[in-house]
1. Tell me the strands (runs of 3 or more DSSP E) entirely within the stretch B:314-396 that contain at least 3 residues that are within 14 Å of chain A (Cβ to nearest Cβ), closer than 27 Å to A:TYR98 by Cα and over 22 Å from the mean Cα position of the chain (by Cα).
2. Going through the stretch B:191-226 one residue at a time, which ones are in contact with a strand residue (DSSP E or B) (Cβ under 8 Å, 6 or more places away or on another chain) and of a type in the set (A, V, I, L, M, F, W, C)?
3. Could you list, in sequence order, the residues of the stretch A:44-83 that are among the basic types (Lys, Arg) and within 10 Å of chain B (Cβ to nearest Cβ)?
4. If you take the residues in the stretch B:159-168 that are out of contact with any helix residue (DSSP H, G or I) (no Cβ under 7 Å at 6 or more places or on another chain) and either in contact (Cβ under 8 Å) with a residue 60 or more places away in the chain or hydrophobic (A, V, I, L, M, F, W, C) (or both), which one is farthest from B:LEU493 (Cα to Cα)?
5. All but one of (1) without any contact (Cβ under 8 Å) to a residue 40 or more places away in the chain; (2) more than 10 Å from chain B (Cβ to nearest Cβ); (3) closer than 30 Å to B:GLY372 by Cβ hold for A:LEU88; state the number of the condition that does not hold.
6. All but one of (1) out of contact with any helix residue (DSSP H, G or I) (no Cβ under 7 Å at 6 or more places or on another chain); (2) surrounded by 13 or more Cβ atoms within 10 Å (Cβ to Cβ) hold for B:PRO452; which doesn't?
7. Say whether the condition of being assigned to a strand (DSSP E or B) and at pLDDT below 95 is met by at least one residue in the stretch B:214-237.
8. When you scan the stretch B:17-28, how many residues do you find that are touching a Phe, Trp or Tyr at 6+ places or on another chain (Cβ under 9 Å) and either of a type in the set (Gly, Ala, Ser) or under 27 Å from B:ILE519 (Cβ atoms) (or both)?
Amino acid sequence: METVRKELPLARSMCWHCQSDIGGEYFCGQCVKVQPLSKDSDYFSCLGLSRKLNIDTGSLETKFYEMSRAFHPDFYVGKSEMERAVSLANSATLNQAYHTLKDPILRAEYLLRLEAGSSKDIPGKAPTDLFETLLEIQEHLEELQAAKARADTTESARLAAQLKGERTTLETKRAALEARLAELFHIWDRLVEKPHDPSVRAGKEQALKEMRDILSQRSYLNTMLANVAEALG
Amino acid sequence: MARIVGIDLGTTNSLIAYMNGKTPTVIAGREGHTLVPSIVAYTPAGLVVGDAAKDQLLRNPERTVYSVKRFMGKGLADVTQELQYFPYRLSEQDGVIRLHVGDKALTPPEISAMILRELKARAEAFFGEAIRKAVITVPAYFNDSQRQATKDAGKIAGLDVIRILNEPTAASLAYGLQKRKQGLIAVYDLGGGTFDISILKIKGGIFEVLATNGNTHLGGDDFDRRLVDLMMAEIKAAHRVSLEGRPELQQALRVGAEQAKCRLSAEERAEVRIPLPDQRGEYRRTITRTEFEKLVADLMEKTLEPTRRALADAGLSTTDIDEVILVGGATRTPLVRQQVQALFGKVPHSELNPDEVVALGAAVQAAILSGGIQDMLLLDVTPLTLGIETMGGVMSSLIRRNTTIPTSAKEMFTTFVDGQTSVDIHILQGERELTKDNRSLARFQLKIPPLPAGVPRIEVTFMIDANGILNVTARDVRTGEAQSLEVKPSYGLTDQAVERMIQESFVFAQQDIKERQRIEARNEAESILRATEKALARADGLVTPEELAAIRDASAALTAAMAGDDHRPIRQAIEALNKATYGLAERLMDRSLLEALKDKKLSQTP
């Protein structure tokens with residue numbers, strides 16, 4: 001898929017209040033008024049990061065706290081309506097950016113949205129290698145429900161034990177998917193550092209495709225695990 | 001910047017606090033009490049609030065409103081189960097509960113506004129200046145309607161509510177400032193009517209709430225009710241007294257239960273004595289702590305589930321928590337302390353008075369907002385998932401619970417039919433899948449220009465501000481123009497209704513002031529008339545006939561003035577009588593002084 005994107009957010013060129021030149025700072029150098037975040041910025045650039053997937057959460061937190069101290073509405077109570085509006089909008093964007101990038105799964109999903117234009121919720125897809133196990137789990141879930149309905153405790157206990165074993169299979173699979181995702185994070189980051197050439201582009205597309213596939217299998221497994229957890233009580 | 005005060009508008013008690021230099025301080029009333037009971041009573045002499053209203057609970061149960069916070073932002077259907085515990089009558093109009101007090105039907109925000117006005121007056125007397133701005137606290141688990149209702153109450157009371165602040169986070173601010181706590185903190189807040197648990201990370205002056213959970217219908221009131229139920233059943237069985245239509249007895253039971261509960265925090269047993277109607281004697285009952293703990297064990301258990309959920313949402317386990325803070329009067333119950341300690345494996349903190357700590361925290365937040373404190377910043381979260389209704393009555397979530405606020409979500413809307421000119425949007429809050437299981441917040445209609453299906457593109461922004469209150473705006477993407485929205489709250493007052501109440505409260509306040517001034521003037525007149533009679537009885541040889549005539553005339557004039565409605569002629573007549581009796585009073589004073597001296601001399605003689 002061909003996507004048009006900008007490597008860097010366009011720096012705002014002019015202060016909304018005094019029209020002086022500004023270069024991407026939080027506050028105008030002349031009149032010290034708070035500046036709106038650029039419309040072209042994404043969550044990575046908002047937090048001063050390049051689009052890499054391995055993020056040091058400690059320094060991310062430090063940056064988030066620093067920017068919160070700059071933008072939070074608590075510090076704009078007595079200010080003009082425009083400054084309060086900028087503070088509110090900036091804070092809201094900042095909070096969403098931090099929330100998204102703090103979590104590796106949300107971070108990867110967000111990158112897919114940015115780079116490959118995927119939808120907000122990646123639909124779940126059953127892992128093909130577990131096809132038979134998944135069918136069995138579905139059957140056992142239904143049988144357990146029926147056994148519970150007729151108060152058959154021995155049958156319920158037998159099915160519950162089986163489901164517990166199958167749950168372990170799913171959890172193992174999920175851990176394997178997450179391990180591969182972590183590898184892909186490194187692959188992606190190395191590609192980001194490289195200068196642009198056709199092979200890098202193809203590599204990126206391949207990595208994104210695989211990440212998307214893993215996320216959708218993982219999402220499927222999570223739903224299944226939630227169903228099992230609910231059935232087991 | 002004008003002064004901002006911090007207010008804890010509680011179920012049972014309310015407080016007002018300010019920053020005294022660097023120390024948050026609760027403002028006491030004339031009698032030295034810091035707590036204002038959250039009770040409002042209509043007496044024959046007019047409206048009374050606080051301690052004076054508390055005195056009316058037993059005497060005037062049908063006209064005395066308490067625990068109004070339980071009704072904030074609710075419809076009648078939400079509270080049917082607990083109506084039996086309230087001696088006053090409730091109804092619903094336009095999705096808002098009305099409390100019937102005498103011939104008035106008042107909404108919970110109006111009643112809360114009376115309490116707020118009392119607090120405001122207390123602060124104004126203390127500072128000698130008008131108070132207009134306040135931070136008001138609410139349970140962290142309050143939904144949008146309940147928060148909005150609290151903000152409305154502030155408006156009706158003539159306050160600009162600068163911030164709606166969550167109670168457990170307020171407490172953490174007070175602890176953070178005064179006790180310099182750092183690390184991962186759990187705040188366990190069990191108040192009169194609500195339970196909250198908040199998990200925070202405190203680091204370098206930033207108070208970041210990681211997760212919050214709770215139950216807005218669980219508190220000390222429910223502990224009392226268990227005792228009331230027990231005693232009601234016993235009275236019915238042993239004395240064959242039915243409690244129906246006996247609000248006095250009901251109220252006596254409730255007050256007795258509350259007192260017993262409080263005593264059981266310090267003692268092993270407490271006795272309740274309730275006089276029974278129709279000369280049936282007295283009901284006496286000794287309750288042991290063990291018995292009480294058995295009665296409330298399941299209520300206590302109910303607080304543990306939200307606690308576990310909050311920890312799970314924060315991605316933490318109990319052992320990760322560095323400090324546990326107890327807030328709310330109900331955490332004085334030894335059982336609560338034991339269970340919290342058992343859950344977290346550490347002794348919880350309660351160094352700051354659990355009744356005052358929330359108000360103190362509100363004062364700290366007020367100082368942050370006014371610029372008085374610059375190194376502290378609170379980052380709070382929205383407690384409940386926000387969403388909209390989609391096809392088939394399913395809720396589609398827009399903003400997840402425990403998202404840091406302010407936050408926003410954008411949603412694009414279009415049409416399904418050619419020429420369609422509006423889209424109805426139903427906003428919900430809650431954690432369940434189906435619309436019907438979640439809380440309806442509001443509905444609004446999006447106006448759309450008539451175009452072929454799918455062509456219009458209206459972007460709606462759902463913004464939750466730092467108060468945890470939702471604001472909705474819409475924009476036509478094609479034209480870039482803002483769309484006006486008329487949001488109709490499901491369980492709340494419309495802006496027009498609030499505006500009307502502000503006006504009404506202004507008129508009421510003036511009537512109330514007049515009433516109060518007249519009562520005070522009459523009371524003073526009565527006592528001065530009594531004092532005059534007493535003085536005249538002892539005045540032999542000290543008063544001239546002319547003086548006596550003048551005093552009699554002035555007394556008669558005052559008695560006549562007292563019959564009127566205006567306090568000013570009464571005040572003038574009091575002045576005149578004071579003048580007429582001045583000489584006599586002095587002479588009486590001299591004589592009693594002389595007598596006192598004589599007595600002293602005699603007593604000193606060996």
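1. In the stretch B:314-396, the matching strands (runs of 3 or more DSSP E) lie at B:377-379.
2. Selection gives B:PHE195, B:ILE197, B:ILE199, B:LEU200, B:ILE202, B:ILE206, B:PHE207, B:VAL209, B:LEU210, B:ALA211, B:LEU218.
3. Start the filter on the stretch A:44-83 by keeping residues that are among the basic types (Lys, Arg), which leaves A:51-52, A:63, A:69, A:79.
Passing the criteria: only A:ARG69.
4. B:PRO168
5. Failing condition for A:LEU88: (2).
6. Here B:PRO452 meets the rest and fails (2).
7. Checking the stretch B:214-237: at least one residue is assigned to a strand (DSSP E or B) and at pLDDT below 95.
8. 2
The values are calculated or read from the model by the stated rules, or taken from the named source; none is laboratory data. These figures come from a predicted structure and were not determined experimentally. Ideal geometry is used to build each Cβ from the backbone, glycine not excepted, and the neighbour counts take in all protein chains shown.
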